[in-house]
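Each reported figure results from applying straightforward, stated rules to the coordinates on display, with no laboratory input. These figures come from a predicted structure and were not determined experimentally. Don't worry about glycine lacking a Cβ; one is built from the backbone with ideal geometry, like all the others, and counts go over all protein chains shown.
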Amino acid sequence: MSEQNMPKGKGPKNMPPFLKFNVYWIYGVIFLVLLALYFTGEGSLSKKMNWTELQTLAKNNDIEKVIVYNKRNVVEAFLKDSAAKAVFPDAKSSLKGAKVIVQIPSADYFSTEFGKWQQEYNLNAEVSYDDGGDMLWEFFISVAPFALLIFVWIFLMRRMSGQGGGGGGVFSVGKARAQIFDQTNRVNVNFNDVAGLSEAKQEVEEIVSFLKDPGKYTNLGGKIPKGALLVGPPGTGKTLLAKAVAGEANVPFFSLSGSDFVEMFVGVGASRVRDLFRQAKEKAPCIIFIDEIDAIGRARGKNPNMNSNDERENTLNQLLTEMDGFGTNSGVIILAATNRADILDKALLRAGRFDRQINVDLPDLRDRKEIFLVHLRPLKLDSSVDPDFLARQTPGFSGADIANVCNEAALIAARNGKESIQKEDFMSAVDRIVGGLEKRSRVYTQDEKRSIAIHESGHATISWFLEHANPLVKVTIVPRGKALGAAWYLPEERYITTTQQILDEMCATLGGRAAEEVFIGHISTGASNDLERVTKQAYAMVCYFGMSDKLPNLNYYDSTGQDWGFSKPYSEDTAKIIDAEVQRFISEQFERAKSILKEHAEGHAKLAALLLEREVIYSDDLEAIFGKRPWVSRSQEILNEEEKRKGSETEEHNPIFS
Ligand code: ATP
């Protein structure tokens, strides 16, 4: 019967699982070998005899030693070499320990009879008595250590190879652990799912176009980059972009993380790299994506004494070799992602390996709006939700943070039993992600509450009157996470910052402590976070940005973080000047904050009272107290421009409200 015609379930492929070969068979074989060893090992050359035969052996003085097992009524008589040869003529193994086993009526009877034989035949065999415990127990005692060893070994192997059971077990340790997406298991991500990142997308589009039609490039003698490195902060969409490349190009996609290569065994990493490239070449054209490549790609030779480092270096060397080793046009393209391109080995970044570095930065205002549009698509929204507004409220958020905000908002709305998600749910989600969970249950005395209100109003008042301070969104005295209260700002998205801008920010940050001193008369520990921030800013101004008059145009920062790593590349005298300058900057801004507060003491008092009453106040309330803010922030300018542009365009259908 041909294999195709076999009834279902009977063919070799459909054998019952216990008949199929798997690793447990090998463990079984090892166990049987052990068993065999036990019974065939030293002293197991044995034969059963009767009483008369034993007497003959005694008569010929062939017995060397006798052990009497009281309980089992058995005697083991160990033979002298000459006698053993006669008794076991066919024995191939050593005759040492050869014995005969004889059943006796009783130990007493044997000892009387044997005593007689000793005298009569002048027999000088030594006799010993044994309890003659359980055979099974003896077997257990001798096999247990081996069994335990095997068990520990199996356990370790399974843990190391990360396999739950069955499958390859220990034998797959050297195999690459890539997740493979191909025809059967397709990547369902395309460029439409990746919002923003227009420059990065443009770069990878060339890779897609090569994978779709390599001839277009190779006909002209062109070579496609072998690898592209996506570099950027966490959650900015590097993995997503790599997946989109695979989805668009419709080629197999091997996805794995740098740490998947590293293992306790020496040589496993290198073997996994080899295996990965072998598999990839079989499936070419395809994409290999290595996430967090810094786990193996870290610069070599930093810790030569560490063994684990040797293993990582071997892995890296193998990766370098493989990336050099395959032909340019073999169709295997490597994408890798990292948050830290600066610590990667130079050899990895040279042209011909990862010769393209694609920066995937935190999204700006426009990109954030697009990311919101992608993640708002599946949500049921209220008409109050405006992606523009949400994008403005989330400066510094990564794509992953935005995805999280959308999900969190849906959960908050569901918790409150709403039919659709409203703007305030998004605001609560943003607050929660930035500040942590609200802790309304925390109990404060009236004095503490008043001091927090004065502190937060201090920040709010000063930021209202300083040109470069970030515009305020809201002030709250509801504790959240570790903070007792907070003033929430809309940080401007600047690419360069001037001295005056930093000073204004420092002044606003010191506003809380200044308000405590001016309006309460004593200071508290509540400002420690502000002070830490201000101190760091001041040091950065002096040591990194060369903004101090006394030490102009000097930068003591080593951005390479490598060779010539001076911990303190300046003299003690300079250190004193640095400290003095830092103190000067901070005290000047503190005095400035106090004078602004004194000038607007009345407004500040109203604000603090309102805050105590309502717990949360918004920029509108500040406007009502202080009048319109004299400065227009840059983000406000961008928004105004956008509004104007929008107005001139025909109204667009907004997909999220459909
Ligand atoms: P890490 O460096 O920590 O590995 P990453 O840069 O690889 O992070 P991803 O895993 O790609 O980040 O992104 C996480 C999630 O964030 C994605 O699944 C997606 O939901 C969302 N996201 C990030 N960037 C974008 C974007 N540009 N457009 C749409 N969604 C995004």
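With unit charges on the beta carbon (Lys/Arg positive, Asp/Glu negative), name the residue among Gly396, Ile358, Ser384 whose Cα is farthest towards the positive pole of the charge dipole of the range 352-401. Of the candidates, Ile358 comes out farthest on the positive side.
With 23 Å as the limit, the listed pairs Lys568/Lys594; Lys449/Lys598; Lys48/Lys92; Lys59/Lys116; Lys550/Lys598; Lys238/Lys423 have Lys568/Lys594; Lys550/Lys598; Lys238/Lys423 beyond it between alpha carbons.
Taking the charge dipole of the range 450-507 about its Cα centre, with +1 at Lys and Arg Cβ atoms and -1 at Asp and Glu Cβ atoms, the residue from Ile454, Leu490, Phe465 reaching farthest to the positive side is Ile454.
Over the range 381-487, Cα pairs under 8 Å with separation of 6+ residues give a relative contact order of 23 percent. Taking a straight Cα-Cα cut-off under 17 Å and skipping sequence neighbours fewer than 8 places away in the same chain, the aspartates and glutamates within cross-link reach of Lys71 are Asp108, Asp130, Asp131, Asp134, Glu138.
Summing +1 for each Lys or Arg and -1 for each Asp or Glu among the other residues whose beta-carbon sits under 13 angstrom from that of Ala400 gives 0. Taking 7 Å steps out from each Cα toward its Cβ at Glu572 and Leu32 produces label points 8.1 nm apart.
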